[in-house]
Each structure stands twice: as C-alpha cells, then as structure tokens.
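**Student:** Pasting a structure here, questions to come.
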Amino acid sequence: MDSFALVIFGITGNLAQIKLIPALYDMAEKGLLPKNMSVVGIARKVMNRDDFKKHFYDSLKTQNIHHQHEIKEEVFKDLADRIHYIDGHLDEPSFYKRLNEFLDKKGYKNRIYYLATYPDLYSHVFENLQKLGMNQQKSGWIRLMIEKPIGDNLKSAQSLNKLLLKYFKEDQIFRLDHYLGKETLQNILTFRFSNDIFEPMINKDYIDHIQITAAEEFGIGKRGGYYDLVGALKDVGQNHQLQMLAFATMDAPTEFKNEAVSKQRIKILENLKPMPEKIVFGQYEGYKNEPNVNPNSNTDTFYALKTYINNDRFKGVPIYIRAGKKLKQYVTEISIVFKNPKNRLFRDTNLGDEPNVLIYRIQPNEGIVLKMLTKEPGHQVKVKPEYMQYCYRTDPHGHLLPDPYERLLVDTIRGDHTFFNSAEEVEAQWAFTDPLSKVRGKPVIYKAGTWGPKEADKLLEDDSRAWLEPSMEFCRI
Ligand code: BG6
C-alpha cells in the first residue's frame, strides 16, 4: 500500500484516549498497521514529539475497561516511530497550512481524517480543508471518519449530511457507530446466515417477542458536558441499539457486500414503528450533581420502549428495548424469546413452560446461547433450563475479540463501507427516534444499582410479560 497518514483531529480528547490510541496499539501488536502508515495527532495543546509519545504511552497505561492487556515495550516502540503531533486551533486557517505542508513534505498523498472532536468544529475543518484542496483526491485517496451521533435529530442530521456531501463524496465518508464493528454483532449475521437451523424460525410464527438490553453499572463520569445535551435515547438508542435490532432481524442480503448488507439494515429501520405512548425515560439519583450537568437537567440516563417492525415477517411481534447508566448489571444482549406451544408435553412439570430463548450476548461473557429445557438427572421428571452455548472467551483456539475501533480502522484503510452508516441509514434512525425524543418530559428518578424505573417494567407487564434477568451463568471464564 502507498504511504498514508491517519490524521486524528482531537487526539487529546476522551475518545482518542480510551478508544483510538488503544486500537492503534492493538493494530501495531497484530501487525495490522500498513508499513507506510503514520499517525498525525492534532490538538490545541503545545507539545513536542517526545511529549506526544508520552501522551500516547500514558493513555495506554490509563485504566481502561476495554483495554486491559499488557503494553509491550517493543510494540510501543514501533508505534511511537510512526506518530507525529501538530498543535493547532481548528478554526485557524494557518494551522491547516502547516498541516498540509507537513503531510506533503512526508509524501502522504493518501489520507484519512478522523474527526474525534466537537461537532461545532466540523464546518471549520471542512471549509479549511477545502480551501487548500485537502479534501480532493487528486493524487491519492482521501477518507473522512466521523462519529455518531450524526446530528441531534432528523433535521440536523440531514443538514450535516448535506454539509458533508458539499465537501466529500459519499464513498469518501465513513460514518462510524462502533457497535457495527463489534465482533459479537457481526457474528449475528454469520450465525444467522450460515446455519439453516434457526433462520426459518426467526419470524412471527415462532417468536413471541424480542428484548434488547444495554445496561451499564457506571454513571456518566466526566462526560457531563456532552451527555447532558444528548441523553440515553440519543447516545445509544438512536444508533447502537437500533443496529443491534437490525442485525438480529434483517433479511439475508443477496451478497456480503456493503450495498446489499446496508440495504437490509435500512429496511428494518424504515419499518420500525415509533410508539411515543410506549416509552419511559429515567434519570439516576444524583445525576444532577455530576460535573458539567445542569442542576435542573431533564436528561434521560435510562429509557425503555416498545416497538414493532411493520413487515410481514415480524408482524405483531413486540420488541422491547432498554438502556441505561448506573443500572444493576453491566450487560448488553439481544434475547429472542420463542413461543411456547400449548401442546408441549412437559408443560405442566415444574419449569416446563419456560420459553426457549436465543441470546446474543454482546458483552460481557460474550457468546451465542440457547436457553433450552432438559431433564434434571434423577428418578423424577423434573425440567431444568440449561444453556447450549458458543462462547468467545473459552474458545479453544483462544481468539481474542478485536476491539471495534480496530475493526473499523482496518475497514476504512481497506475502503470497505459494509459496517459504516450511509446518510440514508442515519436519517432512518432519526426518523424513528424523533417522535420519541419529543415526548421526553421530566424523567422518572431511579436508584443506582436497580433496573431503572418501575414504569419500565409496566411496559411489559401490560402485555403479561417481564424483562428477563440477564444471566451470568453461561460463558463464564
Ligand atoms: C458510546 C456512548 O457511544 O457507547 C457511551 O457514548 C456508552 O455513553 C458506550 O457508554 C457504550 O459502548 P460499549 O462498547 O462500552 O458498549
């Protein structure tokens, strides 16, 4: 591959520190950094190259739940040789001149610009890149990586997409939702479309309902400045959770290529029915005292909703989705709850009417698991729910799960859009979310360490159902 530079705007920010720098380290360790690749970090702070290398190293050494393995000195050395730093203010044209001169001097005609910075700086970046022709693919390729959320609602997402397309072509833009880079999400497609056992049952005839949970035990930490303007529904609901649903319910693409795969995801998103009367917003007790949070904030740190997919395959199958911070357990999963036929032979035996559940455990205890009923060994007929499981971490081949940022950086370098969002996809997500966020009033306050407000339970109780207690009994390390 020709030499190229990954230019990260906002290298000293939270995202770069906890996600991008560790992903680059992992790529270095696995030999995934192309030979002629350099990383150019941009931030306001004045630092020389040695200070910057120290910043990189310190970021890797900082405690990070997503990156807990050892930092090998020889790997870091290889990485450190490739990193450069340029300080500058993103709204200052002179900075771009310096950046361009640096990139030209080093011969980096191919460039990836990664926006790990505040959205209000985007237009400055685009405008200044354009002034110097730095967005144009004259002698090499130029790609742009931009993080979710794209916009704050449908209208602002449309404006941002329009702005992006003013400066870049759609195939230069990589809109990133890191959930699409999760191995555990991508495997849903392989599992569904390589095994022919379950797929014929993924429909309204066999499925009673679907539950999606994304629960975190921790609060917003130091991210109040961002989070208070966004809230749970827009932070993870509009994007990560809708993608989880799309992966679990989309039809098989005609081929495993970007257009075909995104087309099926988009079809699900476009068919989702927003039900503003069936959403509950919550806020954890003490949230208003978090740093950089408005003391009268009505921001949601939890939400639970009900929806349906308006297509023939899932007609009438309720879907319940919840996400929140400071909840009882750290767990993200999709549960496909199967119908329980009336004529089941052991139905009247103790636990004999428990449903079968197919669980895609995204994290922790990652795996794909089928909850099934078995006979408890002994002289009586007693039914016992057990798990049939594929677990990543106990995989005898010892495959470690690559971090989603690593996956998506590699895909961008390859120019593969399959696990990125198009403008159309992002807008379909907002079209579903907008009517829901409009009805957010005062959220219900819930205690930390619980499953959120009682009102969220009622959503299911009204349908004679209940949230499943996520089990930690399977895929234990
Ligand atoms: C981010 C959200 O996009 O996703 C965070 O901004 C959230 O608030 C995070 O904690 C969850 O990602 P993961 O990979 O830890 O499940």
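The values are calculated or read from the model by the stated rules, or taken from the named source; none is laboratory data. It should be emphasised that the depicted structure is a prediction, and the values quoted were computed from it without experimental measurement. Virtual Cβ from ideal backbone geometry, glycine too; neighbours counted across all protein chains shown. All accessible areas refer to the heavy atoms of the entire protein, side chains included, with ligands and DNA or RNA removed. Shrake-Rupley method; radii C 1.70, N 1.55, O 1.52, S 1.80 Å.
**Student:** Hey, could you check the range 253-264 for residues that are in a loop (DSSP other than H, G, I, E, B) and farther than 15 Å from Q186 by Cβ and say which is farthest from the ligand (Cβ to nearest atom)? Full working, then the answer.
**Tutor:** Going residue by residue through the range 253-264, those that are in a loop (DSSP other than H, G, I, E, B) are 253-257.
Filter again for farther than 15 Å from Q186 by Cβ, leaving 254-255.
Details: T254: 30, E255: 28 Å.
Step by step, filter the range 253-264, then rank; the result is T254.
**Student:** Could you list all residues from the range 146-173 that are in contact with a Lys or Arg (Cβ under 6 Å, 6 or more places away or on another chain) and more than 16 Å from the ligand (Cβ to nearest atom)?
**Tutor:** Result: Q172, single match.
**Student:** Considering each of P453, P435, P443 in turn, give the residue that is under 20 Å from T332 (Cα atoms) and either more than 23 Å from the chain's Cα centre (by Cα) or touching a residue at least 24 places away in the same chain (Cβ under 8 Å) (or both). Even if it seems obvious, please write down each step before you answer.
**Tutor:** On the way: P435 fails: under 20 Å from T332 (Cα atoms); P443 fails: under 20 Å from T332 (Cα atoms).
Just a single option satisfies the conditions, and that option is P453.
**Student:** A further question follows. It is to be established whether one or more residues within the range 140-157 are modelled with pLDDT of 95 or more and in contact with a Gly (Cβ under 6 Å, 6 or more places away or on another chain).
**Tutor:** yes
**Student:** Looking only at the range 26-74, which residues are among the aliphatic types (A, V, I, L, M) and within 16 Å of the ligand (Cβ to nearest atom)?
**Tutor:** Kept after step one, since they are among the aliphatic types (A, V, I, L, M), are these residues of the range 26-74: 27-28, 32-33, 37, 39-40, 42-43, 46-47, 60, 65, 71.
Listed by number, the list holds a single entry, I65.
**Student:** Got a number for residues in the range 456-477 being aromatic (F, W, Y) and either over 26 Å from T299 (Cα atoms) or free of Cβ contacts under 8 Å to residues at least 12 places away in the same chain (or both)? Spell out the reasoning first.
**Tutor:** From the range 456-477, those aromatic (F, W, Y) are 467, 474; that's our starting set.
Applying the additional criterion that residues be either over 26 Å from T299 (Cα atoms) or free of Cβ contacts under 8 Å to residues at least 12 places away in the same chain (or both) yields 474.
Looking only at that region, the number is 1.
**Student:** So if I check each of N343, N311, N296, which one is in contact (Cβ under 8 Å) with a residue 24 or more places away in the chain, out of contact with any strand residue (DSSP E or B) (no Cβ under 9 Å at 6 or more places or on another chain), polar (S, T, N, Q) and surrounded by fewer than 21 Cβ atoms within 10 Å (Cβ to Cβ)?
**Tutor:** Values: N343 fails: in contact (Cβ under 8 Å) with a residue 24 or more places away in the chain; N296 fails: in contact (Cβ under 8 Å) with a residue 24 or more places away in the chain.
Going through N343, N311, N296 in turn, just one is in contact (Cβ under 8 Å) with a residue 24 or more places away in the chain, out of contact with any strand residue (DSSP E or B) (no Cβ under 9 Å at 6 or more places or on another chain), polar (S, T, N, Q) and surrounded by fewer than 21 Cβ atoms within 10 Å (Cβ to Cβ): N311.
**Student:** Follow-up question, since we're still on this one. Is it the case, given these coordinates, that A16 is within 20 Å of the chain's Cα centre (by Cα) and within 24 Å of E101 (Cβ to Cβ)? It would help to see each step written out before you state the result.
**Tutor:** Numbers: within 20 Å of the chain's Cα centre (by Cα): yes; within 24 Å of E101 (Cβ to Cβ): yes.
Yes: the conditions hold for A16.
Condition check ((1) more than 26 Å from L229 (Cα to Cα); (2) surrounded by 19 or more Cβ atoms within 10 Å (Cβ to Cβ); (3) not aromatic (F, W, Y)) across all residues:
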{"site": "D403", "(1), (2), (3)": "yes, yes, yes"}
{"site": "I413", "(1), (2), (3)": "yes, yes, yes"}
{"site": "S422", "(1), (2), (3)": "no, yes, yes"}
{"site": "E425", "(1), (2), (3)": "no, yes, yes"}
{"site": "Q429", "(1), (2), (3)": "no, yes, yes"}
{"site": "L436", "(1), (2), (3)": "no, yes, yes"}
{"site": "T450", "(1), (2), (3)": "no, no, yes"}
{"site": "D462", "(1), (2), (3)": "yes, no, yes"}
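**Student:** Consider the range 155-170. How many of its residues are more than 15 Å from S422 (Cβ to Cβ) and in contact with a Ser or Thr (Cβ under 9 Å, 6 or more places away or on another chain)?
**Tutor:** Summing the residues that are more than 15 Å from S422 (Cβ to Cβ) and in contact with a Ser or Thr (Cβ under 9 Å, 6 or more places away or on another chain) in the range 155-170 gives 1.
**Student:** Being polar (S, T, N, Q) and within 30 Å of M145 (Cα to Cα) is the requirement here; does S437 meet it? Explain how you work it out, then say what you get.
**Tutor:** Working: polar (S, T, N, Q): yes; within 30 Å of M145 (Cα to Cα): yes.
Spelling it out, S437 is indeed polar (S, T, N, Q) and within 30 Å of M145 (Cα to Cα).
**Student:** So which residues in the range 265-293 are out of contact with any strand residue (DSSP E or B) (no Cβ under 8 Å at 6 or more places or on another chain), without any contact (Cβ under 8 Å) to a residue 60 or more places away in the chain and closer than 25 Å to I188 by Cβ, if there are any at all?
**Tutor:** Of everything in the range 265-293, just one residue is out of contact with any strand residue (DSSP E or B) (no Cβ under 8 Å at 6 or more places or on another chain), without any contact (Cβ under 8 Å) to a residue 60 or more places away in the chain and closer than 25 Å to I188 by Cβ, namely K267.
**Student:** Moving on to the next point. Would it be correct to say that I477 is out of contact with any Gly (no Cβ under 8 Å at 6 or more places or on another chain) and either buried (at least 17 other Cβ atoms within 10 Å of the Cβ) or hydroxyl-bearing (S, T, Y) (or both)?
**Tutor:** Values: out of contact with any Gly (no Cβ under 8 Å at 6 or more places or on another chain): yes; either buried (at least 17 other Cβ atoms within 10 Å of the Cβ) or hydroxyl-bearing (S, T, Y) (or both): no.
No, not satisfied.
**Student:** Need a quick list: helices (runs of 4 or more DSSP H) entirely within the range 20-132 having at least 2 residues that are open to solvent by 30 Å² or more (accessible area, probe 1.4 Å).
**Tutor:** On the way: elements: 21-29, 49-61, 73-80, 93-106, 122-131.
Of the helices (runs of 4 or more DSSP H) lying wholly inside the range 20-132, those with at least 2 residues that are open to solvent by 30 Å² or more (accessible area, probe 1.4 Å) span 49-61, 73-80, 93-106, 122-131.
**Student:** Still on this structure: Taking the options K267, K288, name whichever one is open to solvent by 10 Å² or more (accessible area, probe 1.4 Å), assigned to a helix (DSSP H, G or I), away from the ligand (no atom under 16 Å from the Cβ) and over 27 Å from V357 (Cβ atoms). Reasoning before the result, please.
**Tutor:** Numbers: K267 fails: over 27 Å from V357 (Cβ atoms).
Checking each option against the conditions leaves just K288.
**Student:** Which of the numbered conditions does I321 fail, given that it passes all the others? Conditions: (1) surrounded by fewer than 17 Cβ atoms within 10 Å (Cβ to Cβ); (2) closer than 18 Å to P470 by Cα.
**Tutor:** Condition not satisfied by I321: (1).
**Student:** Output the residues belonging to the range 329-363 that are in a loop (DSSP other than H, G, I, E, B) and within 16 Å of the ligand (Cβ to nearest atom).
**Tutor:** Narrowing the range 329-363 to residues in a loop (DSSP other than H, G, I, E, B): 329-330, 339-356.
Result: Q329, Y330.
**Student:** Considering only the range 364-477, give the strands (runs of 3 or more DSSP E) lying wholly within it that have at least 1 residues that are within 24 Å of A232 (Cα to Cα). Working first, answer last.
**Tutor:** Working: elements: 367-375, 383-391, 444-446.
Where strands (runs of 3 or more DSSP E) fall fully within the range 364-477 and carry at least 1 residues being within 24 Å of A232 (Cα to Cα), they are 444-446.
**Student:** Is it the case that the range 198-206 has a residue that's at pLDDT 95 or above, among the aliphatic types (A, V, I, L, M) and either within 16 Å of the ligand (Cβ to nearest atom) or touching a Leu at 6+ places or on another chain (Cβ under 8 Å) (or both)?
**Tutor:** For the range 198-206, residues at pLDDT 95 or above, among the aliphatic types (A, V, I, L, M) and either within 16 Å of the ligand (Cβ to nearest atom) or touching a Leu at 6+ places or on another chain (Cβ under 8 Å) (or both): absent.
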